[in-house]
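The values are calculated or read from the model by the stated rules, or taken from the named source; none is laboratory data. Note that this is a predicted model, so its numbers are computed, not measured. Cβ placement follows ideal geometry from the backbone for every residue including glycine, while neighbour counts extend to all protein chains displayed.
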Amino acid sequence: MESNESKVTIKIPRPLYNRIKAIVEGSGFNSVTDFVVYVLRDIVSGKMEEEHDLSAEELAAIRKRLKSLGYL
């Protein structure tokens, strides 16, 4: 288990938090934090692009959609 010293706090708007909380309920994620960490790791690692062999246009469309939803 990670110590608290290895974590930081990131502030997000309350409406975005509430939307994520609604997504998390019944999803298998234990918390909003777990979901956000999962999404950010996926984006930062470029995992989506490698695993799904997306075209540049598809990746741009996904990023645009995530941005419109407030995730980016």
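For the range 42-52, the candidate set comprises residues that are surrounded by 13 or more Cβ atoms within 10 Å (Cβ to Cβ) and among the aliphatic types (A, V, I, L, M); within that set, the residue that is modelled with the lowest pLDDT is M48.
Residue count for the range 1-17 under the criterion of being surrounded by 10 or more Cβ atoms within 10 Å (Cβ to Cβ) and modelled with pLDDT under 90: the result is 1. If we scan the range 53-67, do we find a residue that is of a type in the set (K, R), exposed (fewer than 10 other Cβ atoms within 10 Å of the Cβ) and either modelled with pLDDT of 90 or more or at negative phi (or both)? No, there is no match, as no residue in the range 53-67 is of a type in the set (K, R), exposed (fewer than 10 other Cβ atoms within 10 Å of the Cβ) and either modelled with pLDDT of 90 or more or at negative phi (or both).
In the range 18-41, of all residues being in a helix (DSSP H, G or I) and in contact with a helix residue (DSSP H, G or I) (Cβ under 6 Å, 6 or more places away or on another chain), the one that is surrounded by the most Cβ atoms within 10 Å (Cβ to Cβ) corresponds to I20.
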